[in-house]
Amino acid sequence: MKRTALSLVIAATLFTGPLLADELVDANAKNGGSVVVTYQNDVATLDPAIGYDWQNWSMIKSLFDGLMDYKPGTTELVKDLAEDYSISADGLVYSFTLKKGVKFHNGREMKASDVKYSLERTVNPKTQSPGSGFFSSIAGYEDVTGGKSETLSGVEATDDYHVKITLSAPNATFLHIMAINFASVVPKEEVEKWGADFGKHPVGTGAYSLGEWKLGQQIVFKKNPAYFHTGLPHLDTITFEVGQDPMVALLRLEKGEVDIAGDGVPPAKFLQFKNDPKFKDRMVVGEQLHTGYLTLKTTLPPFDNLKVRQAVNMAISKDRIVRIINGRATPANQPLPPAMPGYDKAFKGYAYDVEGAKKLLAEAGFAKGFDTELFVMNTEPQPRIAQSIQQDLAKVGIRAQIKSLAQANVIAAGSAKDQAPMVWSGGMGWIADFPDPSNFYGPILGCSGAVDGGWNWSLYCNKKLDADAAKADAMAKPEQSAERIALWSKIFTDVMADAPWVPIFNEQRFTVRSERMAGGNDLYVDPVHVPVNYDHIWVK
Amino acid sequence: MLTFIGRRIGYSLLILLGVSLITYLLLFMLPADPARQIAGRSATPEVVAGIRAQLGLDLPFYQQYAHYLGNLLQGDLGRSYIQRSEVTELLGSRLQPSLELMAAGIGFELLIGISLGVIAALRRGGIADRLLTALSFIGVSAPQFIAAMLFLYFFAVQLEWFPMGGYGGLKHLMLPALTLGLLGSGWYSRMVRSSMIEVLHQDFIRTARAKGLSRARVVLRHVLPNAIVPIIPMIGIDIGVFMGGLVVVESVFGWPGIGQLAWQAIQQVDIPVIVGVTTICAVAIVLGNLIADLVIPLIDPRIDIKKH
């Protein structure tokens, strides 16, 4: 009976919402405790306008907030700094009302002018933000990137708590863009105080504030006691130790010195870990918004021939590649990963068919095959995957020479017109910036990305699909959402008819955590707060 | 003496200039575009062009290099493309841990190398000699990465004598330093062994023994000081080799030094950091050799640097 009463209280707490505690807070969570998280690479910067890598993505989300965010462990959009928002009938004007009383770590209240300043700072070319392009739909974007203006004409702080953002064209993904790190709200005075070193002295409104940063050694996050999501975060401190070899990190985790091994399990050790009963409960598996693919340069003979591209699609055994990486992925048949809205479950793609591939090659006039090159990034296990592709292609007579290079060099070659006929995307693969199918199209399959320096390494450009994509992204009204996703779904299966890619697999993600770590498994493989949602995890 | 030092410093500066030119040129020719790396995958070509212009990457090579040298003279090594902070700050924070590890590592190399070399020379042809020769061979040819991992597993995980990597006090320092010392000691033990054997056959040693000095006294007072001379310039050269070892060992043991920084920078093609690390290493090597040359006359008074 007592138990029922207690759970009723908990339920009441949960359902009365923000009055008592934040609706997103785990009612069973205990507060307090310190945890240790390790990473191999240095944390480059904690500047939300700049940080764009594995280590700092979620760290920045814990230090800063944007107008929008996602429900923990899911891809469902929720309001964050925004108390409310409305969208005009034509889908061009977004009016946000800000929460009142939200304080930066320096004690000053966050106001509408800070939102405006932060967006303008990210877009300003002087900031050199890798995320500037996401905001291209805001009116006045070109004036700022072109250096004609320092202020975005489309962003207006009408008073202290209201921001009105006008777009140059309707954009159904705009709320996602307001949730991306690059849209985080920063205080102007702190940015100006530290200048280019703001990334080492971050000040935001987030769940944690920066306690200490010993360059190349460790970063300590302290709980923000004034955090506006009442009841969060649960942990008192998080210590990020950098420069830790992933293997050593796992050994230390086994001894209880480390709570979360941020880099997961190294490929070579994966099977051993998977089969070790000690780690059964400590390893969390999650879907990732990721697709690994092979690009075929559609402008470069012989890949300008559709039959050749289809033959390559049929010649590669995806199951074998998945086995090579110890089953850390599932075979793919379309550009979108299964966890992404718009993924077509009924679509079959090109089945593995060596004879069929040979026949298509013969029809295309390459009965004896041809010589070509396969570009790949030079870290494990990418070259081994490339070798498997090479062997599969050899079976249908295509002689591919492997060019194994550093990541930056593969990226540089990828978009060049006269080289890199095939590129295996592993290690540089597309992990979505936000959970919307449009993020998988424009830069990597659309005409805008098919330029020198772009990311569309097939140089694939289908004007009709580009028009469809623009149409889909203009469907900004909530009631159009289902229709929009269906249109996107069709765009991606239509892309496969032209076969500019061979989608190979969708990688899964593995996080290893110590036994004392608690909170839903989803938090440890959060699809958006990659890799771990630090705001919601807690210690038993 | 002063002219000698002056001339050597002059040469050293020329070497450093050469090193920086070659590194800068190689990285300039690399087919990777830092502007695109910074701009990210959502950037339009105009944004990339803007960043390129801001960083001066659109200038011809000689202008970029001259600009770099000009800044270098003012102690400015530029800003990291990836970390977006001053290279001098990044190097500065890692210099002390690296120097600590280097001093301890070379200390162990000398301690282990010289002792083993002496024993091998005295027991020439015996089992001890052959065993030590084999050991030094293994040490020199063992892949540092594997050896470091094995040591870590054996001493830190199994025996729990040392902490598993990280930076801290003497306890943290011992294992990586021992790894470097053991692996590098082979060169020294072989050098000491052959040089000892050579000295042992000299007339003055027979004279010393003949006049009734104890064996230990002969070895320590007469043989070793003579046999040790070729070791000194070797340390100077060794600093360069040692840097290579640091990259691997620091990465395995999570030691926050220059080597780890170099490893990360190379993987990410972070050109300003690579150039900065190379410059620092070149300075260390040149300085090490200079000091070695200056120290030799103190050990062996027959060598007179005024004649050189």
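The values are calculated or read from the model by the stated rules, or taken from the named source; none is laboratory data. Please read all numbers here as calculations on a predicted model, not as lab measurements. Neighbour counts run over all protein chains shown; Cβ positions are idealised from the backbone, glycine included.
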I'd like the full set of residues that are of a type in the set (D, E, K, R) and in a helix (DSSP H, G or I), limited to region A:254-279.
A:GLU254, A:LYS255, A:LYS269, A:LYS274, A:LYS278
Among the candidates A:SER448, A:SER415, residue that is under 24 Å from A:ILE177 (Cα atoms), at pLDDT below 90 and within 13 Å of another protein chain (Cβ to nearest Cβ)
A:SER448
Output the number of the condition that B:GLU89 fails; it satisfies all remaining conditions of (1) under 17 Å from B:THR278 (Cα atoms); (2) touching a residue at least 40 places away in the same chain (Cβ under 8 Å).
(2)
Is it true that some residue in region A:196-208 is in contact with a His (Cβ under 8 Å, 6 or more places away or on another chain) and not in a loop (DSSP other than H, G, I, E, B)?
no
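Name the strands (runs of 3 or more DSSP E) wholly within region A:316-430 that hold at least 2 residues that are in contact with a Leu (Cβ under 8 Å, 6 or more places away or on another chain) and not β-branched (Val, Ile, Thr)?
Values: elements: A:329-331, A:370-377, A:398-405, A:422-424.
Qualifying strands (runs of 3 or more DSSP E): A:370-377, A:398-405, A:422-424.
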Residues being in contact with a Ser or Thr (Cβ under 6 Å, 6 or more places away or on another chain) and hydrophobic (A, V, I, L, M, F, W, C) - total across region A:264-294:
1
Cβ-Cβ distance below 7 Å, separation of 6 or more or different chains: which pairs start in region A:147-158 with a residue that is more than 14 Å from chain B (Cβ to nearest Cβ) and end on one that is surrounded by 17 or more Cβ atoms within 10 Å (Cβ to Cβ) and small (Gly, Ala, Ser)?
A:SER149/A:GLY140; A:LEU152/A:GLY140; A:SER153/A:ALA139; A:SER153/A:GLY140; A:GLY154/A:ALA139; A:GLY154/A:GLY140; A:ALA157/A:ALA112
Number of the condition not met by A:ALA367 [criteria: (1) aliphatic (A, V, I, L, M); (2) in contact with a Ser or Thr (Cβ under 9 Å, 6 or more places away or on another chain); (3) exposed (fewer than 14 other Cβ atoms within 10 Å of the Cβ)]
(2)
Please go through region B:93-130 and give me each residue that is within 14 Å of chain A (Cβ to nearest Cβ) and more than 17 Å from the chain's Cα centre (by Cα), ordered by number.
B:SER93
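Let's see how each residue does on (1) at negative phi; (2) surrounded by fewer than 17 Cβ atoms within 10 Å (Cβ to Cβ); (3) assigned by TED's automatic domain parsing to the domain that holds B:ARG215; (4) in contact with a His (Cβ under 8 Å, 6 or more places away or on another chain):
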{"position": "B:ALA120", "(1), (2), (3), (4)": "yes, no, yes, no"}
{"position": "B:ARG124", "(1), (2), (3), (4)": "yes, yes, yes, no"}
{"position": "B:ILE138", "(1), (2), (3), (4)": "yes, yes, yes, no"}
{"position": "B:GLN144", "(1), (2), (3), (4)": "yes, no, yes, no"}
{"position": "B:GLY166", "(1), (2), (3), (4)": "no, no, yes, yes"}
Note on region B:119-131: residues touching a Lys or Arg at 6+ places or on another chain (Cβ under 8 Å) and among the aliphatic types (A, V, I, L, M) are B:ALA120, B:ALA121
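Answer yes if at least one residue in region B:30-40 is within 14 Å of another protein chain (Cβ to nearest Cβ), of a type in the set (D, E, K, R) and either more than 25 Å from the chain's Cα centre (by Cα) or assigned to a helix (DSSP H, G or I) (or both), and no otherwise. Lay out the reasoning, then the answer.
Filtering region B:30-40 down to residues within 14 Å of another protein chain (Cβ to nearest Cβ) leaves B:30-40.
With of a type in the set (D, E, K, R) added as a condition, the list becomes B:33, B:36.
Among the residues that remain, those that are also either more than 25 Å from the chain's Cα centre (by Cα) or assigned to a helix (DSSP H, G or I) (or both) are: B:33, B:36.
Yes, because at least one residue in region B:30-40 is within 14 Å of another protein chain (Cβ to nearest Cβ), of a type in the set (D, E, K, R) and either more than 25 Å from the chain's Cα centre (by Cα) or assigned to a helix (DSSP H, G or I) (or both).
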Which of (1) surrounded by 14 or more Cβ atoms within 10 Å (Cβ to Cβ); (2) on the phi > 0 side of the Ramachandran plot is the odd one out, the single condition B:GLY56 does not satisfy?
(1)
Taking the condition assigned by TED's automatic domain parsing to the domain that holds A:SER458, in contact with a helix residue (DSSP H, G or I) (Cβ under 9 Å, 6 or more places away or on another chain) and either among the β-branched types (Val, Ile, Thr) or under 27 Å from A:ALA394 (Cβ atoms) (or both), does A:ALA332 pass?
yes
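Going through region A:370-399 one residue at a time, which ones are farther than 24 Å from A:GLY327 by Cβ and surrounded by fewer than 22 Cβ atoms within 10 Å (Cβ to Cβ)? Write out each step before concluding.
Filtering region A:370-399 down to residues farther than 24 Å from A:GLY327 by Cβ leaves A:370-373, A:375, A:394, A:396-399.
Selection gives A:PHE370, A:ASP371, A:THR372, A:GLU373, A:ALA394, A:GLY397, A:ARG399.
Regarding region A:209-223, can at least one residue be identified that is of a type in the set (Ser, Thr, Tyr) and either surrounded by 24 or more Cβ atoms within 10 Å (Cβ to Cβ) or not in a strand (DSSP E or B) (or both)? Lay out the reasoning, then the answer.
So the first thing to find is which residues in region A:209-223 are of a type in the set (Ser, Thr, Tyr), and the list is A:209.
Restricting the remaining residues to those that are either surrounded by 24 or more Cβ atoms within 10 Å (Cβ to Cβ) or not in a strand (DSSP E or B) (or both) gives none.
Among the residues of region A:209-223, not one is of a type in the set (Ser, Thr, Tyr) and either surrounded by 24 or more Cβ atoms within 10 Å (Cβ to Cβ) or not in a strand (DSSP E or B) (or both), which makes the answer no.
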For strands (runs of 3 or more DSSP E) lying entirely in region A:26-127, having 2 or more residues that are away from chain B (no Cβ under 14 Å) and in contact (Cβ under 8 Å) with a residue 60 or more places away in the chain picks out A:34-38, A:68-70, A:82-87, A:93-98
Would it be correct to say that A:ALA139 is away from chain B (no Cβ under 14 Å), buried (at least 21 other Cβ atoms within 10 Å of the Cβ) and within 28 Å of the chain's Cα centre (by Cα)?
no
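Looking at B:GLN54, B:GLN83 in this structure, which one is under 30 Å from A:PHE135 (Cβ atoms), in contact with a helix residue (DSSP H, G or I) (Cβ under 7 Å, 6 or more places away or on another chain) and facing another protein chain (nearest Cβ under 8 Å)? Talk me through it step by step, then tell me what you get.
Numbers: B:GLN54 fails: in contact with a helix residue (DSSP H, G or I) (Cβ under 7 Å, 6 or more places away or on another chain).
Step by step, each of B:GLN54, B:GLN83 is checked, and only B:GLN83 is under 30 Å from A:PHE135 (Cβ atoms), in contact with a helix residue (DSSP H, G or I) (Cβ under 7 Å, 6 or more places away or on another chain) and facing another protein chain (nearest Cβ under 8 Å).
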